[in-house]
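Read the structure below first, then the notes.
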Amino acid sequence: MVRLVQIGLGGWGRDWAREVLPAVPEVEPVAFVDGDPATRELAREALRIAPAKLFASLDEAVAATGPTAALVVVPLAAHAAVTEAALRRGLHVLVEKPFTETLSEAAALVELAAATKLHLMVNQNYRHFPTPRAFRRLVADGALGHVASIAVDFWKAWDENYRYFFLAEPLLSDMAIHHFDMMRYVLDDEPEAVTAMSWSEPGTPFQGRPAAAALIRFRRGTVVSYRGTWISRGPDTPWGADWRIDGSAAAALGRFRGNQGDRRGADRVTLYTAHDKSRPLELEPLPRIDRAGALAAFAAWVGEGRPAAGLSTGADNLESLCLMHAAIRSAAEHGRLVPLAEIANAAGIMDSTATEEGGK
């Protein structure tokens, strides 16, 4: 049993406490931390958390409850500081995505976790769905032949509940990190260069550019085309996007992660071979998906030292974060082809390839 302190009780933090923690019995939530008294009171009332489990500071929570791990669900600007504080107090850490605001901050935390022999994981919860697992197996087994190209399309319309209207690149710096991480996971390969452009339209509440297109070249030669938008007027895609993987022997089309309340319902994969013959693939049933799957993987890693399938360690996630920052730089520079080594070197990372146990 992993004794967990959750840090952050805002809207998303309360959602974690309500929807995810009860679904993972391998984790015992022993404490909840938030510096704002009103937020703590709201959480106490909404979630019926015992007052003895609510704390204003991590130091108080650690002293009173003796947790072994921390779940960091605070705003992105505080990810680095709160994760560092938890590691320095001897806690294993699961931190929400995106990992940190800057790649250098993330790299420093990876080094700290390694030095203190603590587990650091980023919540790339899209890895915990049947469709990307099936895609990864098809690629690894050679069922598609040489994978020359992948097309990923994400279409959504913003609504009043959207939280990041203020971001300069609300698609590339928030949502696309999921899709970028999935590309790496499915291919079991690393990106080496990206060109991207982003845009907006008049009359939206976005301060930045909520739509983008990118071409990403991977080390073994696969080229991925990515299109995404928060300003779609047509039918939505699922949150995991629509995928088409084209290989020399076959193609695979699929989608995953449906809307709230039906997360499993969107998962499907169809395999296409010569002469347009197609068949749906039977997908592996996962006992827990999405954030619950990620938390269960973290609990197994911490509690048993067992790297579970889909584990997104801090070290592994450096590559996904590097791709995100490279795409943002390319979009800011009108589509310049940006080598990922340029971004990694600027952050002081000579080779950002993941080496931590578990990896992808």
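To the nearest 20 debye, what is the magnitude of the charge dipole of segment 129-280 about its Cα centre, counting +1 on the Cβ of each Lys and Arg and -1 on the Cβ of each Asp and Glu? That gives a dipole near 400 debye. Equivalent ellipsoid of segment 1-156: semi-axes from √(5λ) of the C-alpha gyration tensor, largest first, are 32, 19, 15 Å. A dipole drawn for the chain from +1 and -1 charges on Cβ atoms has a positive end, and of PRO205, PRO280, TRP230 the residue lying farthest that way is PRO280.
Ordered by the count of other Cβ atoms within 10 Å of each Cβ, fewest first, ILE245, ILE328 give ILE328, ILE245. Computed over the alpha carbons of the chain, Rg followed by Dmax gives 20.2, 66 Å. Annotated for the chain: lysine pairs at least 8 residues apart or interchain, Cα distance under 25 Å, count 4. For segment 224-237, backbone phi angles converted through the Karplus equation (6.51, -1.76, 1.60; θ = phi - 60°) give residue-by-residue couplings of 10, 9, 10, 10, x, 7, 9, 10, 7, 10, x, x, 6, 8 Hz, Gly and Pro being listed as x. Structural descriptor for the chain: relative contact order 18 percent, calculated from alpha carbon pairs under 8 angstrom and at least 6 residues apart. Length gained on full extension, ASP236 to GLU333, computed as 0.36 nm times the residue gap minus the Cα-Cα distance: 32.0 nm. One Cα centroid belongs to segment 1-43, the other to segment 74-111; the line between them spans 17 Å.
Quick check for me: using +1 on Lys/Arg Cβ and -1 on Asp/Glu Cβ, what's the dipole size of the chain about its Cα centre, in debye to the nearest 20?
The calculated dipole for the chain is roughly 660 debye.
Taking amide H atoms as placed 1.01 Å from N in the peptide plane, the amide H of LYS97 lies under 5 Å from those of ASN123, each 5 or more residues away in sequence or on another chain. In order along segment 5-16, phi translates into HN-Hα couplings of 10, 9, 10, x, 10, x, x, 6, x, 5, 5, 4 Hz, rounded to whole numbers, per the Karplus curve 6.51 cos²θ - 1.76 cosθ + 1.60 with θ = phi - 60° and x for Gly and Pro.
Taking θ as phi - 60° and the Karplus parameters 6.51, -1.76 and 1.60, the scalar couplings of segment 41-46 work out to 5, 4, 5, 4, 6, 6 Hz in sequence order, x denoting glycine and proline. Note on MET197/ALA157: beta-carbon distance plugged into 1/(1 + (r/R0)^6) with R0 of 30 Å gives a FRET efficiency of 0.90.
Based on the reciprocal of the average 1/r between different C-alpha atoms, the Kirkwood radius for segment 129-280 equals 16.2 Å.
For the chain, the mean residue ellipticity at 222 nm estimated from helices alone is -10000 deg cm²/dmol, where every DSSP H run of n ≥ 4 contributes -39500 (n - 2.57) and the total is divided by all residues, rounded to the nearest 500.
Which of rounded, prolate, oblate describes segment 104-170, given a ≥ b ≥ c as roots of the alpha-carbon gyration tensor eigenvalues and a/c under 1.5 marking rounded, otherwise prolate only if a/b is larger than b/c? Taking the square roots of the gyration eigenvalues as a ≥ b ≥ c, segment 104-170 is oblate. Does segment 81-208 come out rounded, prolate or oblate by the C-alpha gyration tensor, with a ≥ b ≥ c the root eigenvalues, rounded set by a/c under 1.5 and, if not, prolate when a/b is larger than b/c and oblate if not? The shape class here is oblate. For segment 1-87, the spread of Cα coordinates along the three principal axes comes to 30, 28, 22 Å, biggest extent given first. Among TYR226, TYR126, sorting on how many other beta-carbon atoms sit within 10 Å of each Cβ, with the fewest leading, yields TYR226, TYR126. Seen against the Cα atoms of the chain and their longest principal axis, helix 103-116 is set at about 60 degrees. Counting beta carbons within 10 Å around each of VAL95, VAL223 and listing the fewest first gives the order VAL223, VAL95.
Read-outs: derived from the displayed coordinates by stated rules, not from any lab. Not measured: the values here are computed from a predicted model. Glycine gets a Cβ as well: all are built from the backbone with ideal geometry, and neighbour counts include every protein chain shown.
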